[in-house]
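Working notes, beginning with the structure itself.
The values are calculated or read from the model by the stated rules, or taken from the named source; none is laboratory data. Here the structure is a predicted model, which means the values were calculated and not measured. Cβ atoms come from the backbone with ideal geometry, glycine included; neighbour counts cover every protein chain shown.
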Amino acid sequence: MSGERSREAFERARAVLPGGVSSPVRAFSPHPFYAERAQGSRIWDIDGGCYIDYCMGYGPLLFGHAPTFVRDAIVEQLDRGWLYGTPTEGEVELAERLCTYYPSIEMVRFVSTGTEATMAALRIARGYTGRSKIIKVEGGFHGAHDAVLVKAGSGALTHGVPDSLGVPQEFTRHTLQVPFNDPEALAHVLDANAEEVAALIIEPVMGNVGPILPENGYLEEVRRLTREHDVVLIFDEVITGFRLGIGGAQEYYGVVPDMTTLGKVLGGGLPIGVVGGRREIMQHVAPQGKVYQAGTFNANPLSIAAGLAITARLEREDVYRVLSERGRALREAIEDVIHRLGLPYSVVGIASMLKLFFGSTPTNYVEAKRCDATGYLELFRNMLSCGVFLPPSQYETDFISYAHTDEDIERTVQAYESSLTRA
Ligand SMILES: *Cc1c(COP(=O)(O)O)cnc(C)c1O
């Protein structure tokens, strides 16, 4: 009776959790599988099913599920208590490390999620510049707070339109949008709003509409234009941080923003967020300055312990070479499959990020939206029945972890072959 217990759990869940889940993307039809345990590249459900996992907690699990070295660090901290309400040496150590890895970071504030990190980053940039407007990229995702929940295509020169009920129009009035990979559009918006824009927030590689890569020279142009207009450039590296390299996309592409947000991989699976930037900017954060930010769980000892373990491991090992090789191998193998089957699809990725797009390679949100997202869901379900768990959306990036083996990759490619033949 495959999936019976998960089906029952979902039925119970729908009575007490909106949509049956605790975060929207986790819902898929007919029902999600309920996790029982996970180890390395594998996740098991409560019905005994086992899957090779490319969702990887939506990005954080760079070393796969439950790596021993992270577990040991967490347990060691657990034995000494897990919340103090007073600082620890660990947070100082981790802050120092972040300042050495990220060229843009001289000071940090630890928070609990990526959402909080981008929320704080925008407030700090506004406090620092004394300006109200912000610019984001269409389709860019920066968490679930009001200022960034703006409908795509709602116009760069006018006011942002909320993309969620419950967000008052006034709260998104100051949010302007530009398409990715379009420096002219950005120049235009900056000119039209001269001296009014506090910050541009951007994912250097868009990670929440598949991966969409920056074209040659785009990030450099973004840097040049924001500098020219005295606009704080915020790289939202909640996905790309520690994913493209220990210094994130800014190290990978050699473009240094003014502020950076981090999260996901750094916490090793525990909740963490970081907002960091130049001292001149970050010194405006309370209690040193007048931009308020606070949190009961800021720099919580368990997440800090995990962050120290993760960063120590990243410093020590040849992790990124291995991850990139596996990423390239999987992308090339899927490309072979779609060519053999004569499908008009594309495989996009970088380092250990990838996506099979049901359409041609997108360069921005509007192009990504032309993909056959419904067709993709069919692939998702076929893959699941072949024992491979992809994120259940055309627009969520697939992640390879250090725990994925050559054999995992091989089985995954076979699953693509049979799933796409059926689709
Ligand atoms: C996931 C994500 C966030 C939000 O992080 P949470 O920890 O889920 O709040 C912000 N920005 C980007 C780029 C993300 O991928």
Wholly within segment 103-203, which helices (runs of 4 or more DSSP H) include no fewer than the required count, namely at least 2 residues that are out of contact with any strand residue (DSSP E or B) (no Cβ under 9 Å at 6 or more places or on another chain)?
183-192
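Residue by residue, here is whether (1) among the small types (Gly, Ala, Ser); (2) farther than 18 Å from VAL197 by Cβ holds:
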{"position": "THR86", "(1), (2)": "no, yes"}
{"position": "ILE134", "(1), (2)": "no, no"}
{"position": "ALA144", "(1), (2)": "yes, yes"}
{"position": "VAL148", "(1), (2)": "no, no"}
Qualifying residue in segment 322-331 (condition: crowded, with 16+ Cβ neighbours inside 10 Å, charged (D, E, K, R) and within 16 Å of the ligand (Cβ to nearest atom)):
no
Helices (runs of 4 or more DSSP H) fully within segment 289-407 counting 1 or more residues that are of a type in the set (Lys, Arg):
301-316, 319-340, 373-385
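Rundown of residues vs (1) among the hydroxyl-bearing types (Ser, Thr, Tyr); (2) within 16 Å of the ligand (Cβ to nearest atom); (3) crowded, with 24+ Cβ neighbours inside 10 Å, yes/no style:
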site	(1), (2), (3)
LEU200	no, yes, yes
VAL209	no, yes, yes
ILE212	no, yes, yes
LEU219	no, yes, yes
THR226	yes, no, no
VAL232	no, no, yes
If we keep just the residues of segment 245-286 that are small (Gly, Ala, Ser) and not in a loop (DSSP other than H, G, I, E, B), which is surrounded by the fewest Cβ atoms within 10 Å (Cβ to Cβ)?
GLY245
Just for segment 77-118: of the residues that are of a type in the set (S, T, N, Q) and closer than 14 Å to GLU237 by Cβ, which one is surrounded by the most Cβ atoms within 10 Å (Cβ to Cβ)?
THR118
Within the set of pairs 6 or more residues apart or between chains, which connect a residue that is on the phi > 0 side of the Ramachandran plot inside segment 225-242 to a residue that is crowded, with 24+ Cβ neighbours inside 10 Å and not charged (D, E, K, R) with Cβ atoms less than 8 Å apart?
PHE242/LEU62; PHE242/GLY248; PHE242/LEU262; PHE242/VAL265; PHE242/LEU266; PHE242/ILE310
Boolean, PHE10 is in a loop (DSSP other than H, G, I, E, B), crowded, with 17+ Cβ neighbours inside 10 Å and more than 16 Å from the ligand (Cβ to nearest atom)
no
If you check TYR365 against the conditions, is it aromatic (Phe, Trp, Tyr), within 21 Å of the chain's Cα centre (by Cα) and either buried (at least 19 other Cβ atoms within 10 Å of the Cβ) or farther than 30 Å from GLU93 by Cα (or both)?
yes
Can you find even one residue in segment 57-80 that is within 15 Å of the ligand (Cβ to nearest atom) and either part of a helix (DSSP H, G or I) or in the same structural domain as ASN193 (by TED's automatic domain parsing) (or both)?
yes
